[in-house]
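Q: Let me give you the structure first, and then I'll get to my questions.
Please treat every number below as a calculation from the coordinates, not as lab data. Only a predicted model underlies this, so the values are computations on that prediction, with no experimental measurement involved. Every residue, glycine among them, receives a Cβ derived from its backbone with ideal geometry; neighbour counts consider all protein chains shown.
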Amino acid sequence: MSTEPHTHTGAVELAAGEVPAIRFEHVVKRYGDNTVLDGLNFTVRKGDRVTLIGPSGSGKTTILRLVMTLEDSTDGYILIDGNPLTHVEKDGKRVAIKDKRRAEMRKRIGMVFQQFNLFPNMTVLENIIEAPVHVLGRSKPDAIKRAHELLEQVGLPDKADAHPTSLSGGQQQRVAIARCLAMDPEIMLLDEVTSALDPEVVGEVLGILRDIAENTDVTMLIVTHEMQFARDVSNRVLMFDKGRIVEEGPPAEIFDNPQEQRTKDFLSAVA
Ligand SMILES: Nc1ncnc2c1ncn2[C@@H]1O[C@H](COP(=O)(O)OP(=O)(O)O)[C@@H](O)[C@H]1O
Ligand SMILES: [Mg+2]
């Protein structure tokens, strides 16, 4: 076993030769004068389910958007499966990787958003097959077959031809999950996927995600205020404040025996 360099929190013990799914190395993100992440280090092992908690504005969404390459980091490096996601260090300089390579990296990662983000002008089926056909180059019949399987899996077998706007929020989110899975992502990013839903449909969406967690080895990075879900599904919880990890550990430790005052305050505020 070796402890990785540079890290104080966010580090994990890696077996010899083990390559983590996600690694943040001194990642900086600024919006103008606002430094959101200031040299963030953390490591996520393959198959880990890591929940990010922390007050609004602490940088959780920014972290997910960086992994999804929807935002560019200001400095530092993000490695996916040991490969640079957007930038690489060359002769001591930070150099952007080629767009083509970046697109390749991005294919391995899927994200589900709070606001579903389905294409409103496409049917459910078209939403699900769009990326597999156009990004992965799958044949249309194969993509359609898989889309139907996924719709079955998320409990919407009869909605293939529906338009997203005719669906409830819970149904739209289930389609968004199916669309994400259609890319066979190695990493799934879930950003408060139940926060925009009516309370009575939160359970059905969480049930599908529990199912995926139980039956696949996809690495998950989860932002949620559903603490019971986080407790059940994740094996690690990272508590953020102002872009820094203030506490981390297995869910039972963080939720039942938090050490930091900021964690205690946050947990009592969301309970
Ligand atoms: N597109 C943006 N432009 C400017 N500031 C942003 C943008 N996105 C996020 N921020 C700022 O980054 C900080 C972290 O936000 P965010 O990552 O959304 O936090 P969280 O998801 O934990 O609530 C906040 O101060 C927010 O105002
Ligand atoms: Mg957020």
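Q: Show me the helices of the chain, taken as full DSSP H stretches, that run 15 Å or more along their long axis by Cα and average 0.5 or above in Kyte-Doolittle hydropathy.
A: 124-134
Q: When only Cα pairs under 8 Å and 6 or more residues apart are kept, what is the percent relative contact order across the stretch 132-271?
A: 16
Q: Hey, what did the stretch 158-235 get for relative contact order, percent, Cα under 8 Å, at least 6 apart?
A: Relative CO of the stretch 158-235 lands at 36 percent.
Q: Hey, another quick one. What size of dipole, in debye to the nearest 20, comes out for the chain about its Cα centre when the only charges are +1 on Lys and Arg C-beta atoms and -1 on Asp and Glu C-beta atoms?
A: In debye, rounded to 20, the chain gives about 880.
Q: Report the paramagnetic label zone for Ser268: residues of the stretch 40-68 whose backbone N is under 18 Å from a point 7 Å from Cα along the Cα-to-Cβ axis.
A: 54-56
Q: Could I ask something else about it? For Lys264, give me every one of the lysines with a C-alpha distance below 21 angstrom, ignoring sequence neighbours fewer than eight places off in its own chain.
A: Reachable lysines: Lys60, Lys242.
Q: With a/c under 1.5 counting as rounded, go ahead and sort the chain into rounded, prolate or oblate using the C-alpha gyration tensor (a ≥ b ≥ c being the square roots of the eigenvalues; past the cut-off, prolate if a/b is larger than b/c, else oblate).
A: In terms of gyration-tensor shape, oblate.
Q: In percent, how large is the relative contact order of the stretch 209-271, given Cα pairs closer than 8 Å and 6 or more residues apart?
A: 23
Q: Where Lys and Arg each count +1 and Asp and Glu each count -1, what net charge lies around Ala230 among other residues with Cβ under 11 Å from its Cβ?
A: Result for the local shell: +1.
Q: Another question, if that's okay. Label the stretch 128-245 by shape, choosing from rounded, prolate and oblate, from the square roots a ≥ b ≥ c of the eigenvalues of the Cα gyration tensor; if a/c is under 1.5 it is rounded, and otherwise prolate applies when a/b is larger than b/c, oblate when it is not.
A: Prolate shape, in that a/c is at least 1.5 and a/b is the bigger ratio.
Q: For the stretch 37-60, list residues with backbone N below 12 Å from a point placed 7 Å from the Cα of Glu18 toward its Cβ?
A: 43-48
Q: How much of the DSSP bridge set in the stretch 151-271 is antiparallel, in percent, rounded to the nearest 5?
A: Rounded to the nearest five, the antiparallel share is 50 percent.
Q: Can you put Ser73, Ser168 in order of Cβ neighbours within 10 angstrom, beginning with the fewest?
A: In order of increasing Cβ crowding within 10 Å: Ser168, Ser73.
Q: Once Lys and Arg get +1 and Asp and Glu get -1 on their Cβ, which of His163, Val223, Ile212 lies farthest toward the positive end of the dipole of the chain?
A: Result: His163, furthest along the dipole toward the positive end.
Q: Given the options Thr86, Asn121, Thr51, identify the residue whose Cα lies farthest towards the positive end of the charge dipole of the chain (+1 on Cβ of Lys, Arg; -1 on Cβ of Asp, Glu).
A: Toward the positive end, the furthest listed residue is Thr86.
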